[in-house]
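Computed from the coordinates by the stated procedures, all read-outs in this text should not be read as laboratory data. Owing to the predicted nature of the structure, the values given are computational and were not obtained by experimental measurement. Here Cβ is always computed from backbone atoms with ideal geometry, including for glycine, and neighbour counts include all displayed protein chains.
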Amino acid sequence: MFQNKKKLRLLFVPPILGLLIWGGVVVVGKLKEVKLSLPKIISVENYMRIEVKPVKLKPDQWISFQIQLDSTQNKTALGIDLTKVALLVDDKNLAYSAGRWKPLKETEFSRIGLLTFPVSGTPKALKLSIFDFQERVFEWETVK
């Protein structure tokens, strides 16, 4: 049959590692977290102000947004669960549900925290929708 049998080895690479194959050489390195310098966007409607700013991205893993909710008229609106009312869509039209909310500061009339979403690849555009009393849309281009 076969005189020269070569063993085939399967290489498992955890999702936190990047893989580059070039000329038969495998180079493995960690994907780096990127601090984003995109502008904050503010929406003011129904007595509530929402300020959103993308802050960090780890390609193929997650992206986080700093979100501030302010309301002097409707304190109960500040209690919305952002992990259930937020949706992220990328440039490939892939939709992501929020993974977690990390509170940074909370007062009677204000909440500030980080909302994190899983992502695939490095998105070239982002559209974050928050559904409180209606849909609020926040959009950025990450690559021009």
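Stretched out fully, how many nm does the piece from residue 125 to residue 61 gain, at 0.36 nm a residue minus the Cα gap?
Values: separation 64, 0.36 × 64 = 23.04 nm, distance 1.60 nm.
Additional length available on full extension: 21.4 nm.
So, R0 is 41 Å and r is the distance between the beta-carbons of residue 72 and residue 114; what FRET efficiency does that work out to, to 0.05?
Values: r = 24 Å, r/R0 = 0.57.
Efficiency at R0 = 41 Å is approximately 0.95.
Could you pull out the GluC sites (Glu not before Pro) across segment 90-141 that fall in loop regions by DSSP (anything but H, G, I, E, B) with no more than 11 other Cβ atoms inside 10 Å?
Working: sites: 106, 108, 135, 139, 141; in loops: 108.
Sparse-neighbourhood loop GluC sites (Glu not before Pro): 108.
HN-Hα J couplings of segment 41-52 from phi, Karplus 6.51/-1.76/1.60, θ = phi - 60°, integer Hz, Gly and Pro as x?
Calculated HN-Hα couplings, in order: 10, 10, 10, 10, 7, 6, 6, 10, 10, 10, 10, 10 Hz.
So, R0 is 22 Å and r is the distance between the beta-carbons of residue 105 and residue 34; what FRET efficiency does that work out to, to 0.05? Mind dumping the intermediate values first?
Working: r = 24 Å, r/R0 = 1.11.
Rounded to the nearest 0.05, the efficiency is 0.35.
In debye, nearest 20: dipole of segment 34-141 around its Cα centre with unit charges on the Cβ of K, R (+) and D, E (-)? All intermediate terms of the calculation are to be shown ahead of the outcome.
Numbers: 16 positive and 13 negative charges, 75 e Å.
Taking the Cα centre of segment 34-141 as origin, the dipole is about 360 debye.
Are there chymotrypsin sites (Phe, Trp or Tyr not before Pro) in segment 46-144 that DSSP marks as loop and that have at most 16 other Cβ atoms within 10 Å, and which are they?
On the way: sites: 47, 62, 65, 96, 101, 109, 131, 133, 138, 140; in loops: 47, 109, 133.
Sparse-neighbourhood loop chymotrypsin sites (Phe, Trp or Tyr not before Pro): 47, 109, 133.
For residue 98, what charge total do you get from the other residues with a beta carbon under 12 Å from its beta carbon, if Lys and Arg give +1 and Asp and Glu give -1? Walk me through the intermediate numbers first.
Details: positive: 84, 100, 102; negative: 81.
Cβ neighbours under 12 Å give a net charge of +2.
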